[in-house]
1. Taking a 27 Å limit on the Cα-Cα distance, which of the listed pairs LYS37/LYS132; LYS69/LYS96; LYS37/LYS144; LYS84/LYS166 fall beyond it?
2. When you have a sec, figure out the Kirkwood radius of the range 26-88 from all distinct Cα pair distances and drop it here in Å to one decimal?
3. Do you know the relative contact order of the chain, to the nearest whole percent, from alpha carbon pairs under 8 angstrom that are 6+ apart?
4. If the elastic network links every pair of Cα atoms under 10 Å, which of LYS84, LYS37, LYS100 fluctuates the most in the Gaussian network model of the chain?
5. Go through the range 1-108 and name the GluC sites (Glu not before Pro) that are in a DSSP coil and have 12 or fewer other Cβ atoms within 10 Å of their Cβ.
6. Taking H as built 1.01 Å from N, whose amide H comes closer than 5 Å to the amide H of SER118, not counting residues under 5 places away?
7. From the backbone phi of the range 179-188, what are the Karplus-calculated ³J(HN,Hα) couplings (6.51 cos²θ - 1.76 cosθ + 1.60, θ = phi - 60°) in whole Hz, Gly and Pro given as x?
8. Based on the Cβ-Cβ distance of LEU29 and LYS166, what FRET efficiency does E = 1/(1 + (r/R0)^6) give at R0 = 35 Å, to the nearest 0.05?
Amino acid sequence: YRVMKRIFDIVFASIFIIIFRWIYALIALFIMIKDWKPVIYKSIRTWKWWKPFSMYKFRTMIKNADKIKDSLLEKNERKWPLFKIKNDPRIPKWGKFLRKTSLDELPQMFNILLWNMSVVWPRPHLPNEVEKYKWWQKRLLSIKPWITWYSQIFGRDKLEFDEEAKLDLYYIQNRNIFLDFYVIVSTI
């Protein structure tokens, strides 16, 4: 399964990048026109066995958005340990569009080629969020993180974190090629 999954990841990411390179170029140009640079946002996330890695996304927030986050913590609408604000003032309209369509996640295909992510597996969280995991949620860190994930197809960020973790732990315990295919098709 692991060998097949890795081969699938490399082939899928390579073909995806080649076929959709024009979309990458258009989004990069769009971001530069709207808010100049940087085009790519590098987010430090926690992956397998609590190791940090750089996850790449198209930038959807204003510059210095990370510094503003601390002043917005009291407005958090998502329950522990994750952070989410419905009308986040750090996200301009063009950023909301990229997020809603998940186009901001396209650079993660390069994370797959770097071998620190996979097409299907659980979502990687920020180090300060991982520190707040309950003991049973730490099992989420036993495998590599995702591009798409099992709990995403059942509600994405509308789920409470405990529900999300239980769904992803179900995936970890039952993962196979057919379940991966089901998640990919359901994501589309």
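1. Numbers: LYS37/LYS132 33 Å; LYS69/LYS96 17 Å; LYS37/LYS144 30 Å; LYS84/LYS166 20 Å.
In this structure, LYS37/LYS132; LYS37/LYS144 exceed 27 Å between Cα atoms.
2. Details: mean 1/r = 0.0731 Å⁻¹.
Evaluated over the range 26-88, this radius sits at 13.7 Å.
3. Working: 236 pairs, mean separation 43.0, N = 188.
For the chain, the relative contact order is 23 percent.
4. LYS100
5. Values: sites: GLU74, GLU77, GLU105; in loops: GLU77.
Passing both the DSSP loop test and the Cβ count: GLU77.
6. When sequence neighbours closer than 5 places are left aside, the close amide H contacts are TRP146, ILE147.
7. With coefficients 6.51, -1.76 and 1.60, one gets 5, 4, 4, 4, 5, 4, 5, 5, 5, 5 Hz.
8. On the way: r = 41 Å, r/R0 = 1.18.
Efficiency, rounded to the nearest 0.05: 0.30.
The values are calculated or read from the model by the stated rules, or taken from the named source; none is laboratory data. The structure displayed is predicted, hence computed values, not measured ones. A quick note on method: Cβ atoms are made from the backbone with ideal geometry, for glycine too, and the neighbour counts reach across all protein chains shown. Each accessible area value is taken on the protein alone, full model and side chains, heavy atoms only, with ligands, DNA and RNA left out. Shrake-Rupley method; radii C 1.70, N 1.55, O 1.52, S 1.80 Å.
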